Amino acid sequence: QHHLLGLEMKKKRSAQQHSTPVADKKGKISQSSVVQAYVWGFNVDHQLGVDVVPQDGKVCNKEEEVDGVQSGVPLLLHFPETVSIKNISLGSRHSLCLTSEGKIYSWGWGATGQLGQNDLSTRETPTLVSYFESKSVASISAGGCHSGCITDASEIYTWGLNTYGQLGLGKAAMDDGIVPYPQQVMFENGQALLGQKLSCGGLHSAVLSSGQVYCFGRADSGQLGIGDAWLQQGKAFLDGAATSNMETELGVPAPVLVTGVSNVKHVVTGAFHTAAITQDGALYTWGKEDYGMLGVPNQDLLKDGVWRPHHVPKPEALKTSIFLSVACGGWHTA
């Protein structure tokens, strides 16, 4: 419902549904450049991080008519200090920004702790996530109502809504429901999960670690890719409010290895499904199959279900090609 655009401003010293191109006129970034962000779209929860000024010049805010709290043209995003933007990630109603110095700013709706500010307040403008002032962050990911990042040391931190264990912090944190500040993701044995990529989906998350994929969070649609044995083995835990609907409301609160796909170079999550690309260019998907979003023939799904990774066959015209990248939306894949 909102968009961000990164543009390079050369030699300047001042400061889903998702768009983040970053380049100058020649498509290059120089050392003297400052990369800035432009935002547009829906802003009822301040997810744009700016005041929206419609054509009549009136500034809209949250208290006014919802239909008017939006911008159809890109607006410059201002920060409290001069920063150069490395990456931007957009959640359902909140936004994250990673600077070239490895710091995180967050803004927008914060009622589930997804801003990492150690409270449940909304931020109208970009606000530094102070937890990482002494750490350098390499990548960020904003999910539906949760967030996460990976540091330069490959440590994984998550925060926000945790009703299905989508933060990967274990059963105790899942009972809390909301974690408003960053915490490091660990295996059940207390060992840290180190990774090269984190993708926060609607209510689940995936981590790429040395060619393997680990998932955690909501599991009822097969989006974790770990099979359905955990239903009988008690590996998933109720979110507390769904004790009468066990099979449909279970989640997995700690990282679990996804078998059936290895040597992975890229993983991404959608609202209810997950996709991965291997080093040799093969594409795998798993999770909810509504509207054909897994890209897998029906006979394969009828045979194996949606609980494990499926190899996505290539169209005849692309038999000699390889997959380079993949993106998952709410109900579609590209």
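The values are calculated or read from the model by the stated rules, or taken from the named source; none is laboratory data. Everything numeric in this text was worked out from a predicted model, so none of it was measured. A quick note on method: Cβ atoms are made from the backbone with ideal geometry, for glycine too, and the neighbour counts reach across all protein chains shown.
Scanning segment 87-102 for residues that are part of a loop (DSSP other than H, G, I, E, B) and buried (at least 24 other Cβ atoms within 10 Å of the Cβ) yields a total of 1. You will find that of Tyr105, Tyr157, the residue that is part of a strand (DSSP E or B), in contact with a Cys (Cβ under 6 Å, 6 or more places away or on another chain) and closer than 25 Å to Tyr38 by Cβ is Tyr105 and no other. Screening Glu133, Glu124 for residues that are of a type outside the set (Ser, Thr, Tyr), within 18 Å of Phe42 (Cβ to Cβ) and more than 18 Å from the chain's Cα centre (by Cα) leaves exactly one candidate, Glu124. (1) over 28 Å from His266 (Cα atoms); (2) part of a strand (DSSP E or B); (3) at pLDDT 95 or above: which one isn't true of Gly72, the others all being true? The number of the failed condition is (3). Can you name the residue in segment 271-286 that is out of contact with any Gly (no Cβ under 7 Å at 6 or more places or on another chain) and part of a loop (DSSP other than H, G, I, E, B) and, of all such residues, is surrounded by the most Cβ atoms within 10 Å (Cβ to Cβ)? Step by step, filter segment 271-286, then rank; the result is Ala282. The set of residues in segment 160-178 that are closer than 17 Å to Trp109 by Cβ and either of a type in the set (S, T, N, Q) or not in a strand (DSSP E or B) (or both) comprises Asn162, Thr163, Gln166, Gly177. Checking each residue in segment 113-143 for being buried (at least 22 other Cβ atoms within 10 Å of the Cβ) and part of a loop (DSSP other than H, G, I, E, B) picks out Gly113, Gln114, Leu115, Gly116, Val129, Gly143.
Of all residue pairs spaced 6 or more apart or on separate chains, those with beta-carbon atoms under 8 Å, a first member in segment 287-312 that is of a type in the set (Phe, Trp, Tyr) and a second member that is in a strand (DSSP E or B) and at pLDDT 95 or above are Trp307/Trp286. Consider segment 179-216. How many of its residues are surrounded by 16 or more Cβ atoms within 10 Å (Cβ to Cβ) and either touching a Cys at 6+ places or on another chain (Cβ under 9 Å) or assigned to a loop (DSSP other than H, G, I, E, B) (or both)? Selection size over segment 179-216: 14.
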